[in-house]
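Visitor: Before I ask anything, here is the structure I am working with.
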Amino acid sequence: MEKLLGKLIQESRDLAGHGRVADYIPILAEACPNDIGICIMDIDGNIHGKGSYDHGFTLQSISKVMALMLALLDNGKQKVFSRVGMKPTIEPFNSLHDARHYNQRIPSNPMINAGAMVVTDLIGGRGREKADRLLNLIRDITSNPNIDYDEETYLSEKGTAERNRAIAYLLKDLRLLDGDVEEVLDAYFRQCSIQMDCMDLAKVGLFLANRCKAPNIIWDDGEEMASLILAIMNTCGMYDFSGEYAVKVGVPSKSGVAGGILAAVPNRFGIGIYGPSLDQYGNSIVGCKIMEELSKELDLNIFR
Ligand code: DON
């Protein structure tokens, strides 16, 4: 397996030059496009890592997956999906238009920024407490108490978040947010700044692949939670590239602008990938290619 992972990293390395690291959050512009890492964990707990798989990076939009988990635990499916939709979208992740989609009265899905802010609003607690509860859930899932916020990234995003502020204030104006706008935004910036490496991400993937079961976590509705979240990852997790990604890769995945990809192959693998050079959709350009090749090599496509 290590040999295969090494080969895939090597073969996709040139692609990094065809993408760009995110720079609308200033600190993300400092990432090195040639840092590429991958970690795969199988259902028996075997771990395979290659490249910069222990390099820490911020979750950014990948946090939307675990935030949805927590909002569902706090509120139940009915309440959550009365406030945010389950529809894939062709809008980019930071679409202002999606705050109130033309044919519905709520954001289209929990993976796009507008929907994710509604999800953060639904998480129990005030202000920082929301993000701290999410951080603790992630520490539990990964059994890694050292996972924490990257304060520099948090401040970097908070200081330059005009677009997200516009989305949040529009949501509030449309009566789609209950809480204080700045508190919701602050919790959202904090959740995006949670820092992990590929191994931690693979553990989250494995938790989903294992139907939301872990030795230290027993949820009554774990099975239902896993299928719901995997379905949303599959239809919305790679933004307006999700359809093409489902055809090419066929593995429920979620990307973040720092270059991470979280992937879960039901009953088989959890996968974490890092490659900060992004394509036009805001997905890791190298990560998507590695997932495509890995899917062929290990027969991961869930639609086959
Ligand atoms: O809200 C933002 O713009 C970022 N904190 C997260 C966006 C993101 O990761 C989009 N992903 N590919």
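Visitor: For the chain, give me every cysteine whose Cβ has no other Cys Cβ within less than 4.7 Å, ordered by residue number.
Guide: Result for the chain is Cys32, Cys192, Cys212, Cys236, Cys288, no neighbouring Cys Cβ within the cutoff.
Visitor: Using a simple charge model, +1 on the beta-carbon of Lys and Arg, -1 on the beta-carbon of Asp and Glu, nothing else, what dipole does the chain show about its Cα centre, in debye to the nearest 20?
Guide: Its charge dipole is roughly 720 debye.
Visitor: Still on this structure, please answer the following. I'd like the accessible area for Arg268: 1.4 Å probe, protein heavy atoms, all chains in place, Å² to the nearest 10.
Guide: For Arg268, solvent-accessible area is about 90 Å².
Visitor: Continuing with this model, one more query. If I fit a long axis through the Cα atoms of helix 128-142 and take the longest principal axis of the Cα atoms of the chain, what angle between them do I get, 0 to 90°, rounded to 10?
Guide: 20 degrees
Visitor: Given a 1.4 Å probe and the protein chains all in place, what does the accessible area of Asp180 round to, in Å² to the nearest 10?
Guide: Surface accessible to solvent at Asp180 totals approximately 80 Å².
Visitor: Can you tell me how segment 1-40 classifies by the Cα gyration tensor, rounded, prolate or oblate, using a/c under 1.5 as the rounded cut?
Guide: On the way: a/c = 3.98, a/b = 2.10, b/c = 1.89.
Judged from the Cα gyration tensor, segment 1-40 comes out prolate (a/c at least 1.5, a/b above b/c).
Visitor: Might you tell me the accessible area per residue for the chain, computed with a 1.4 Å probe and given in Å²?
Guide: Values: 12210 Å² over 304 residues.
That works out to 40 Å² for each residue.
Visitor: Same structure again: Once every DSSP H run of n ≥ 4 in the chain is given -39500 (n - 2.57) and the sum is divided by its residues, what mean residue ellipticity at 222 nm do you get, rounded to the nearest 500 deg cm²/dmol? Don't jump to the answer; show the numbers that get you there.
Guide: Details: 12 runs with 136 residues, N = 304.
The per-residue figure over the chain is -13500 deg cm²/dmol.
Visitor: With an 8 Å Cα cut-off and a minimum separation of 6 or more residues, compute the relative contact order for the chain in percent.
Guide: Details: 644 pairs, mean separation 82.4, N = 304.
Reported as a whole number, the value is 27 percent.
Visitor: Treating the angle as unsigned and between 0 and 90°, give the value, to the nearest 10°, between the Cα long axis of helix 2-12 and the longest Cα principal axis of the chain.
Guide: For helix 2-12, the angle is close to 70 degrees.
Visitor: How many percent of the accessible area of the chain is carbon or sulfur, using a 1.4 Å probe?
Guide: Numbers: 5950 of 12210 Å².
Of all accessible area on the chain, carbon and sulfur atoms account for 49 percent.
Visitor: Using only Cα atoms, tell me the angle between helix 222-236 and the longest principal axis of the chain; keep it within 0 to 90° and round to the nearest 10.
Guide: 90 degrees
Visitor: Check which residues have an amide H placed less than 5 Å from Ala214's amide H, if you skip close sequence neighbours.
Guide: Placed amide hydrogens put nothing under 5 Å from Ala214.
Visitor: Then there's this: How large is the charge dipole for segment 90-202, taken about the Cα centre, if only the Cβ atoms of Lys, Arg (+1) and Asp, Glu (-1) carry charge, to the nearest 20 debye?
Guide: Details: 13 positive and 20 negative charges, 99 e Å.
Charge dipole of segment 90-202: 480 debye, to the nearest 20.
Visitor: Tabulate in residue order the Karplus-calculated ³J(HN,Hα) for segment 163-173, using 6.51 cos²θ - 1.76 cosθ + 1.60 with θ = phi - 60°, rounded to whole Hz; enter x for Gly and Pro.
Guide: My calculation for segment 163-173 gives 5, 5, 5, 4, 4, 5, 5, 5, 4, 5, 4 Hz in order.
The values are calculated or read from the model by the stated rules, or taken from the named source; none is laboratory data. Here the structure is a predicted model, which is why all the values come from computation and not from measurement. FYI the Cβ positions are ideal-geometry reconstructions off the backbone, even for glycines, and counts take in every protein chain you see. Each accessible area value is taken on the protein alone, full model and side chains, heavy atoms only, with ligands, DNA and RNA left out. Shrake-Rupley method; radii C 1.70, N 1.55, O 1.52, S 1.80 Å.
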